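Asker: Here it is, the structure in full.
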Amino acid sequence: MKPLSLLAVAVCLSSCATPARVFVSPNYRQRPIKRVAALNLQDFPRTIGSGAVVTDVFEKYLFLAGYVLVERRQADQLLKEGALSLSGAIDPADLKKIGRVLGVDALVMGSLTDYSYPRDQTVMTTVPLEETRPVYGNVVTTRKVGDTEVRTEDRVLTGYETRQMDQVVPMEKTLPAHVGLSVRLVDVETGEVLWSASADSNGSDMTAAAEEASSRLTNAIVKALGRDR
């Protein structure tokens, strides 16, 4: 397997809180990559089936990057029949076998870095408050009682004052769904990673989060490869 030599390209979309990241190998354009097979992303820990759910969404976005995709079920079946694992390094012979049987130039594989459902969470929030207090003053009056001048002092309400103050209070906050994925394109002939990309995004539900994360990731790939949408 060739040593991995990557040219880092960080792509930040204007609407992204966290930029999608793409790393492209300098060897990418030395061999035409057109036909690819997208394999199921590895599940997020303790979330069985999450990888297949996100792959269903992400797969269609690969068309936007200019690739021709083979039917994913063919690749899945081939992996099952050959008892091949994608959790670690893949034997070059297995890669070539997959590429030959499926008729593809490269495989798209990866894993989920997050798969969090919408959830309620108690957070401590600072709330600005106004406090109004009465203001009192002393009023002095004098009066004559016979030949004597009597002086009296009374405490009376003269107005109100308002002051700003902050108070930390617990509040229920609904956190959105969140999906993160990390994928790579592997040449079936050489085993070299031709590009590697990652992105994440929020959404109102899991599908919306997967759609947005997949869109961001694909846009970053297209931009890094210098292709037109």
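All of the numbers you see were taken from the coordinates with simple rules; none came from a lab. What you are looking at is a predicted structure, and each value in this text was computed from that prediction instead of being measured. Cβ sites come from the backbone with ideal geometry, for glycine too, and all protein chains shown count toward neighbours.
Asker: Give the calculated FRET efficiency between Asp154 and Glu130 to the nearest 0.05, with a Förster radius of 22 Å applied to their Cβ-Cβ distance.
Answerer: Computed FRET efficiency for Asp154 and Glu130: 0.15.
Asker: If you don't mind, there's one more thing I want to ask. Counting pairwise Cα distances across the chain, what percent come out greater than 32 angstrom? Mind dumping the intermediate values first?
Answerer: Working: 10650 of 26106 pairs.
Result: 41 percent of Cα pairs exceed 32 Å.
Asker: How far, in degrees from 0 to 90, does helix 206-225 lean away from the longest principal axis of the Cα atoms of the chain, to the nearest 10?
Answerer: For 206-225 against the chain, the angle is about 60 degrees.
Asker: If the cut-off is 19 Å between C-alpha atoms, which lysines fall inside it for Lys223, apart from same-chain ones fewer than 8 positions away?
Answerer: Correct list for Lys223: Lys34, Lys60.
Asker: Which lysines, if any, have their Cα less than 19 Å from the Cα of Lys80, not counting same-chain residues under 8 positions apart?
Answerer: Output for Lys80: Lys96, Lys97.
Asker: I would also like to ask the following. Quick one: give the max-minus-min coordinate of the C-alpha atoms of region 121-173 along each principal axis, largest first, in Å.
Answerer: That gives 76, 11, 9 Å along the principal axes, largest extent first.
Asker: Quick one: if you stick a label point 7 Å off each Cα along the C-beta vector at Leu69 and Lys173, how many nm between them?
Answerer: Taking the simple label geometry, Leu69 and Lys173 are separated by 3.5 nm.
Asker: Can you tell me the Rg and Dmax of region 74-182, counting just the alpha carbons, in angstroms?
Answerer: Rg then Dmax for region 74-182, in Å: 39.2, 124.
Asker: May I ask you to derive the FRET efficiency for Lys97 and Asn202 from their Cβ-Cβ distance with R0 = 25 Å, giving the value to the nearest 0.05?
Answerer: On the way: r = 40 Å, r/R0 = 1.58.
Here the calculated transfer efficiency is 0.05.
Asker: Lys/Arg Cβ at +1, Asp/Glu Cβ at -1, dipole of the chain taken about the Cα centre: which of Gln74, Tyr28, Leu157 is farthest positive-ward?
Answerer: Tyr28
Asker: Next question, about the same structure. Pull out a ≥ b ≥ c, the square roots of the eigenvalues of the alpha-carbon gyration tensor of region 18-125, then state rounded if a/c is under 1.5, prolate if not and a/b is larger than b/c, and oblate in the remaining case.
Answerer: Values: a/c = 2.23, a/b = 1.60, b/c = 1.39.
The shape class here is prolate.
Asker: Further question on the same structure: Give me Asp76, Asp105, Asp154 sorted ascending by neighbouring Cβ count inside 10 Å, so fewest comes first.
Answerer: Fewest-to-most Cβ neighbours within 10 Å comes out as Asp154, Asp76, Asp105.
Asker: Quickly estimate the mean residue ellipticity at 222 nm for the chain, helices only: each DSSP H run with n ≥ 4 gives -39500 (n - 2.57), and the total goes over all residues, rounded to 500.
Answerer: Numbers: 4 runs with 54 residues, N = 229.
My calculation for the chain gives -7500 deg cm²/dmol from helical runs alone.
Asker: Could I ask something else about it? How high is the relative contact order of region 81-229, given as a whole-number percent (alpha carbon pairs under 8 Å, six or more residues apart)? Display every interim value, and only then the final one.
Answerer: Values: 258 pairs, mean separation 39.8, N = 149.
Reported as a whole number, the value is 27 percent.
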